[in-house]
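**Q** I'd like to ask some things about the structure below.
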Ligand code: PGA
């Protein structure tokens with residue numbers, strides 16, 4: 001049985017004092033959940049968030065990292081740096097990074113390898129644009145992204161990767177994929193992983209849905225056979241809304 005992960009992606013929001021207040025307020029509301037609760041926060045908030053989340057069941061993640069260990073990469077942060085302060089998760093290849101910061105399937109693959117080497121849990125984002133969806137290319141696009149993201153990994157490493165299927169047209173738009181479409185696209189990703197790494201490995205990989213998830217649509221999504229939780233943007237900035245998503249049962 002795969003566990004459910006509900007991960008918030010704060011994007012470029014929340015000052016440290018706001019992060020501290022948020023975590024203080026939400027911690028008692030989510031303390032009894034069996035689901036894994038993760039907040040992926042801006043770099044500047046990481047340390048404050050880790051301290052505030054100590055002695056709670058809230059895990060802290062970053063939203064990006066650099067693939068190299070160290071060196072002359074001004075402004076960048078490595079996996080080892082994140083690990084050294086206690087970060088557990090890291091989002092890799094979010095569509096906003098692919099779109100605005102030249103993140104490619106190759107850099108995504110390199111980042112996943114570096115994250116795993118440093119014992120971070122990568123949350124790897126894939127998803128199609130509206131145009132690709134309308135051309136009927138969704139399955140082709142997302143399975144190719146997953147294949148390239150995981151290239152060169154051992155089975156045991158693949159099992160540690162968390163995939164987030166996020167249709168780009170659903171991110172921040174209020175338009176969610178139907179639960180049937182989200183589930184069938186996620187199944188398609190799982191089948192691709194099974195083709196390459198075997199069914200046993202594919203059955204262990206946690207695959208999230210992302211794109212306008214909110215309290216009012218989370219339960220129906222999470223009840224689908226292959227949806228193992230969500231990567232939540234906008235709705236993760238509100239204590240009450242995010243706690244309801246976590247406590248959907
Ligand atoms: P959204 O963002 O929930 O605001 O659509 C999701 C994401 O970008 O991860």
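Each value in this text was obtained by applying a stated rule to the coordinates, not by laboratory testing. Bear in mind the structure is a predicted one, so any value in this text is a computation, not a measurement. Because the Cβ atoms are built from the backbone with ideal geometry, glycine has one as well, and the counts that use them run over all protein chains shown.
**Q** Please report Rg (one decimal) and Dmax (integer) in Å for the Cα set of region 132-179.
**A** Looking at region 132-179, its Cα Rg and Dmax stand at 13.2, 37 Å.
**Q** A further question on this structure: For 184, 243, which order do you get if you count the other beta carbons within 10 Å of each Cβ and list the fewest first?
**A** In order of increasing Cβ crowding within 10 Å: 184, 243.
**Q** What does the highest-first list of 70-79, 210-219 look like by mean Cβ count within 10 Å?
**A** Peptide ranking by packing, descending: 210-219, 70-79.
**Q** A further question follows. Hey, could you get me the Stokes-Einstein D for region 2-91, Kirkwood radius over alpha-carbon pairs, 4 °C and 1.567 mPa s, rounded to whole µm² s⁻¹?
**A** D = 95 µm²/s.
**Q** Can I ask one more? Pairwise over distinct Cα atoms, reciprocal of the mean inverse distance: report the Kirkwood radius of region 185-249 in Å, one decimal place.
**A** Over region 185-249, the inverse of the mean reciprocal pair distance is 12.6 Å.
**Q** Moving on. Ordered by packing density, taken as the mean number of other Cβ atoms within 10 Å over each peptide's residues, highest first, how do 58-67, 9-18 rank?
**A** 58-67, 9-18
**Q** Further, regarding this structure: At a 10 Å Cβ-Cβ cut-off, how would you order 188, 125, fewest neighbours first?
**A** 188, 125
**Q** With all distinct Cα pairs included, what does the Kirkwood hydrodynamic radius of region 5-246 come out to in Å, to one decimal, could you say?
**A** 17.9
**Q** Could you list 231, 221, 148 so that the one with the fewest beta carbons within 10 Å of its beta carbon is first and the one with the most is last?
**A** Arranged by neighbour count, lowest to highest, 231, 221, 148 become 148, 221, 231.
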